[in-house]
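S.K.: Shown below is the structure under consideration.
The values are calculated or read from the model by the stated rules, or taken from the named source; none is laboratory data. Predicted, not measured: the structure shown is a model, and the values here were computed from it. Virtual Cβ from ideal backbone geometry, glycine too; neighbours counted across all protein chains shown. For accessibility, only protein heavy atoms count, side chains too; no ligands or nucleic acids. Shrake-Rupley method; radii C 1.70, N 1.55, O 1.52, S 1.80 Å.
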Amino acid sequence: MNPGDRVRVDRADRTYEGVLLPSSTDDHLVVKLEGGYNVGVDRAEADVEVLAEDVYEIDGTDSVGDSDEASEIEFDDDLPTISLISTGGTIASTVDYRTGAVTAQFDAEDVLRAVPDLAGRANYRGRVVANILSENMEPPIWQDLAEAVYEEIEAGADGVVVMHGTDTMQYSASILSFALETPVPIVFTGSQRSADRPSSDNVMNAVCAVEAAKSDCAEVLVCMHGSESDDVCALHRGTRVRKNHTSRRDAFETVGAEPLGAVDYDALSDDGTDAIEFHREHGERGEADLAIEPDLESDVELLKFTPGMDPAFLDVIEGSAGLVLEGTGLGHVHTDLIPRIEELIEDGTTVVMTSQCLEGRVCDRVYDTGRDLLEAGVIEAGDTLPGTAKVKLMWTLANAEDVEEAMQTSLAGEIQERSVPWE
């Protein structure tokens, strides 16, 4: 049997049928199943039957990213320069041919090889800040990322695309929104489905992100599928976006408003000139002077209140610099927690209130509980999203002279003027 053959693999009480992929070891078989996923099987424990030979032509046995072939990137004086910064994630991932799992191991130049549709759209330069799955993102990497983006723009990049895992992309986009003043677009993008799957969204997202990075919107944006089809990518403001589905390609949504803009993929494919449209006011290219304030206070926690919560949870927060609470409704917790919250504030912990509701703002002046929280010293965060509020508090504790005023002021579009239905 050879890579490209259709095989049936029996192991224990499981049967797998699909196309045999190349493997980097002699001990494992890798089979691509009909649904697009890969499975790795111990060869010694499997019975294999070849159902059809050479169903697919598969060149080579090395995994993508292990190739010694150098990326050839031609420079065109008539094209803008876009910096590709990689942090890992599914958009920059490939198959581990030992197990069949998908792992993050591309660098920025590998992405250019993997997405040939990027050719001719811009001049590219790339750098790797991290090579991690996004659940492993940490504040020090945020700081490294902010510094890398700053350096790329300072060196003349006309736009920046940050390739990032989707699970924590909203946090990273938020922190860069606060840490950087940017005269050019900074566009986060990723992929819900890896490049080895037929339904992967990596090509379209990457192409649309590059086009957005060439636009006149000088803000931190998140560019991801705007529908389940391959027709449009939505452009979300970095401080108002949330991942609302685990696996759909259009998992990201702007909370409380329509997306800031959109990229018409079909128009891009047809070399259209009006492929990008912005729906609301935004920062303009060249309007701001490049600046960076990357300092963060990492000792900040985010805690969701639930009925029956043990007040002892708050003991863990003791001594922390900051706490963001996800309260119910207008921003409430059980009244029994309020004395402990007051003690934390008196001991120096800044406590900020947000709401678990997806839309609407905190208002602790309506009910007695809210008034008691305000009297205890809790700061209202308006309709700031809880995750955004956490990274904003980390940033304001390290950079703002008046933390309360900063948390109640929209610094990067995180607080909307008023919460109204937008549909």
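S.K.: Would you pull out the residues with amide H under 5 Å of Glu380's amide H, same chain only if 5 or more places away, H placed 1.01 Å from N?
M.R.: Met353
S.K.: Return the loop-located GluC sites (Glu not before Pro) in the range 300-391 (DSSP other than H, G, I, E, B) with at most 10 other Cβ atoms within 10 Å of their own Cβ; answer none if there are none.
M.R.: Within the range 300-391, no GluC sites (Glu not before Pro) qualify (loop, at most 10 other Cβ atoms within 10 Å).
S.K.: Evaluate E = 1/(1 + (r/R0)^6) for Asp77 and Asn131, where r is the Cβ-Cβ distance and R0 equals 25 Å; express this FRET efficiency to the nearest 0.05.
M.R.: 0.20
S.K.: Once both labels are modelled 7 Å past Cα along the beta-carbon direction, what's the Glu147-Glu346 spacing in nm?
M.R.: About 4.1 nm, to one decimal.
S.K.: Quick one: length gained pulling Glu405 to Val50 fully straight, 0.36 nm per residue minus the C-alpha distance?
M.R.: Between Glu405 and Val50, full extension yields an extra 120.9 nm.
S.K.: Under a point spin-label approximation (7 Å from Cα along Cα-to-Cβ), what is the Glu318-Ala12 distance to one decimal in nm?
M.R.: 4.6 nm
S.K.: Tell me the carbon and sulfur percent of the accessible area for the range 311-423, rounded to whole percent, probe radius 1.4 Å.
M.R.: 47 percent
S.K.: How much length is gained if the chain between Thr25 and Met309 is pulled fully straight, taking 0.36 nm per residue apart and subtracting their Cα-Cα distance, in nm to one decimal?
M.R.: Result: 97.2 nm gained on full extension.
S.K.: FRET efficiency for Asn2 and Ala288, Cβ-Cβ distance as r, R0 = 51 Å, nearest 0.05?
M.R.: Given R0 = 51 Å and the Cβ-Cβ separation, E is 0.35.
S.K.: Karplus couplings for the range 383-389 from phi (6.51 cos²θ - 1.76 cosθ + 1.60, θ = phi - 60°), rounded to Hz, Gly and Pro as x?
M.R.: Result, rounded to whole Hz: 10, 4, 5, x, x, 5, 4.
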